[in-house]
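Note sheet for the following structure.
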Amino acid sequence: MAGGASLGRDFGWLWAAYAAGTLGTWVAFNALPLLAVTVLHEGSAEVAALAAVGAAVGAAVALPLGPWVEFRRKRPVMIAMDLVRGAAVLSVAAAYALDRLGFAQLLLVSVVVAAADITFGAASGACLKALVPAEGRLLAQSRLESTTWTATVLGPPLGGALVALLGPVATVLVDAVSYLLSALGIRAITAPEPVPTRREGPRAGLADLLEGWRHLLAQPVLRPLFLNAVLVNGLIMATAPLLAVLMLGPLGFAPWQYGLAFAVSCLGGLVGSRLSRPLVARYGRHRVLQASGALRACWPVGLVLVHHGPTGLILVMAVELALITCIGVWNPVLAAHRLDLTPTDRVARTLTAWSVAAKASIAALTALGGLLAAVVGPRAAIGLVGALLLVTPLLLPRRAGVADEASPSVDTCK
């Protein structure tokens, strides 16, 4: 346990479930596009649609599920979403085995998985808030964050090895099993689950659908954090395909060099997630959010200097390592702060609204980045996106929230 502190056996099961599902997801990273290319022989337009349309439609499908999750017990919802995701990806393996796999099925599976991901995330946030007291939430979030980055480092190489040894559907089977393990981990939690708030009306209406956004935009500390996070994440993700085009195209880097650059950089997420708790204990939540939020926006503009050869590769590693370290600090602090500032009866709707907005921002800004690169070239587009990122710290909150007053107590969790 990080820092020698224990958050209890039930959080351990939740953590194990999260680890299983996350590792399976990263082992199967890009499995559907890989099948589309290698088995169905689809072109770049179809592969792009698989990524963009699947995420966008999945977010739209998940939108009305936020109120549905809010007024139900969260653990059964999480188990159901795990089983839905497992069945969806398992259907791909079955269709492949029967030689019936088609592009429409891959598109449908990507939509189902995207919607279930958002719904699971909303329910798991509410579950975490109920399981872990306020003084332990930053520790819990830092452990989940470090697990994410560990899976990010280990998963894709493991997946590549599995595909090379057993074929393109091997990682899909691993992903399906990981969802089953996640469901079993959640099922093992024994603490009584709080009775969910009852809905006042007979069914969900427009007010329920908008309640998450209403809370985010009305809360004076969450509003700037929400707007900053959505914009910054979208802009950072918009540079990823541009950098890939630049490195693998004109600069002539090999695919393994491109993959190595990001595998090494993801180690920064482990460092950042481990630093988040001691930094908050020393400086307070507000200052850490301000500093890490501003710093993570400063690095991407440096990618405009990438050039051919070993020094260019080292430059990419250094910039991405610094960026991901800052993100590793920011993410768990933000997640804990968001839970503390959100009433229990609005957590699922708030997290759903946040996830839907984030996915929509990433899709829109990635598309705009592609259009910009088509006009001015990928290097200039990276520079323009990086310059825009430099002004995003202006969106960060100027004052601390109520929850920040208790932030030094994070070291008391036993």
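Here are the numbers for the structure shown:
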| read-out | value |
| --- | --- |
| Estimated FRET transfer efficiency (Ala318, Ala240; beta-carbon r; R0 22 Å; 0.05) | 0.85 |
| Residues of the range 323-348 with amide N under 17 Å of the 7 Å Cα→Cβ point at Arg214 | 342-348 |
| Burial order of peptide ranges 377-387, 16-26, 212-222 (average beta-carbon count within 10 Å, highest first) | 16-26, 377-387, 212-222 |
| Cα centroid separation, the range 142-168 to the range 60-105 (Å) | 21 Å |
| Distance in nm between pseudo-label sites at Ala94 and Leu260 (7 Å out along the Cβ direction from Cα) | 4.3 nm |
| The chain, Cα convex hull volume normalised per residue, Å³ | 140 Å³ |
| Calculated [θ] (222 nm, deg cm²/dmol) that DSSP helices of n ≥ 4 give over the chain, each run adding -39,500 (n - 2.57) | -25500 deg cm²/dmol |
| Prolate/oblate/rounded label for the range 1-99 (Cα gyration tensor, a/c 1.5) | prolate |
| Residue among Ile189, Ile327, Ile118 with the largest mean-square fluctuation in a Gaussian network model of the chain, springs linking Cα atoms under 10 Å | Ile189 |
| Under 13 Å from the His307 label point (7 Å along Cα→beta-carbon), backbone N, the range 371-391 | none |
| Furthest towards positive pole of dipole, Leu334, Leu275, Thr344, structure part the chain, Cβ charges | Thr344 |
| The chain: DSSP helices with Cα axial extent of at least 20 Å and average Kyte-Doolittle hydropathy no lower than 0.0 | 9-27, 44-62, 74-97, 103-131, 137-166, 170-187, 222-248, 267-283, 310-340, 347-376 |
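Throughout, read-outs are computed from the coordinates displayed, never taken from laboratory work. All values reported here derive from a predicted model rather than from experimental measurement. All Cβ positions, glycine included, derive from the backbone under ideal geometry; neighbour counts span all protein chains shown.
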